[in-house]
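Novice: Sending over a structure as structure tokens; questions will come in a sec.
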Amino acid sequence: MCTDRCDNIKYAIKIIKIAAHQAEKELREVTIFSSLQNHRIVKFYQAWVESNICVNYEECSSSSSYSEESSMDSKYILIQMELCASKSIIFDADKSLRFFEEIVLGLKYIHDACVIHRDIKPGNIFMGQDNSIMIGDFGQSCLCPSNFSPINGTPDQGTPFYTAPELLANKSISVKVDIYSLELFNTFKTASEKIDKFESYQKTEGSEFDGKWSISLFKLMTADDPQQRPSVDDILVL
């Protein structure tokens, strides 16, 4: 977090050390993030490159990409973005459906822009100052063809607990990897819960479970075959 001396407004700053072999990936994050301008996406303001930066470690969030290793002779990309509310998102019975719908709408905007997020998880879902839900952190994102045809995947992307099987297996991927991650995030809040319940949910017959979500929708969104998973447009009309 930082405060701009010109407007006295607080912003979030993401600091990314530029690794020689990953410079293209880090620049891609800036290119994609800066192109997404929507109220359901964390707002991007600007990005720049600096050398030998000095950071107050106590003010750095645990999610910062900055390392306490020596910054001498290193270059960093700094991304200035909207500072979201610090309160945690709690998916209680009264709010879970609204939050889910807002995430789906944000994901629709991302997919319509021919972007695959590839890392949908609780840590990348933010609450705005007005309590709206927004998607952020495009460090793992990539572009996809306008016809949404599959592209080559990379197995080191995403967070394993939420990652679609085709991405883990280094197979071709599409926007459907985000659909898989979204449903796991929406249904399971811990790794142990996923381990305990995922297989049983896949085998369960019926229309509902836990009084909220459709078993049939769960099975579709987490299908091993990406072609069987619904699109964001399909989900919105269900």
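Novice: Note the full-extension length gain between Asp112 and Gln22 as 0.36 nm times their separation in residues minus their Cα-Cα distance, in nm to one decimal.
Specialist: This chain segment gains 29.8 nm when fully extended.
Novice: Next up: Near the amide H of Ile41, under 5 Å away, which other amide H atoms are found, from residues 5 or more places off or on another chain, if H is placed in the peptide plane?
Specialist: So Ile41 has HN proximity to Ile135.
Novice: Provide the net charge surrounding Leu83, with neighbours chosen by a C-beta distance below 10 Å and charges set as Lys +1, Arg +1, Asp -1, Glu -1.
Specialist: With Lys, Arg at +1 and Asp, Glu at -1, the neighbours total +1.
Novice: Output wanted: per-residue J couplings in Hz (rounded whole) for the stretch 160-173, from phi through Karplus 6.51 cos²θ - 1.76 cosθ + 1.60, θ = phi - 60°, x for Gly and Pro.
Specialist: After applying 6.51 cos²θ - 1.76 cosθ + 1.60, I find x, 4, 10, 7, 5, x, 5, 6, 5, 8, 6, 9, 4, 10 Hz.
Novice: Moving on. For the stretch 1-35, run through the trypsin sites (Lys or Arg not before Pro) and keep only the ones in DSSP coil with at most 12 other Cβ atoms within 10 Å of their Cβ.
Specialist: Qualifying residues, ordered by number: Arg5.
Novice: Counting Lys and Arg as +1 and Asp and Glu as -1, what is the net charge of the other residues whose Cβ lies under 14 Å from the Cβ of Val232?
Specialist: -3
Novice: Do the alpha carbons of any pairs in Lys171/Lys203; Lys14/Lys75; Lys17/Lys121 sit beyond 18 Å of each other, and which pairs?
Specialist: Lys171/Lys203; Lys17/Lys121
Novice: Same structure, new question: Taking K and R as +1 and D and E as -1, what net charge do the other residues with C-beta under 13 Å from the C-beta of Ile32 add up to?
Specialist: That sum, taken over residues with Cβ under 13 Å, equals -2.
Laboratory data are not the source of any read-out in this text; all were calculated from the coordinates shown. Since we're looking at a predicted model, the values are computed, not measured. Please note: Cβ atoms are built from the backbone with ideal geometry, for glycine as well, and neighbour counts cover all protein chains shown.
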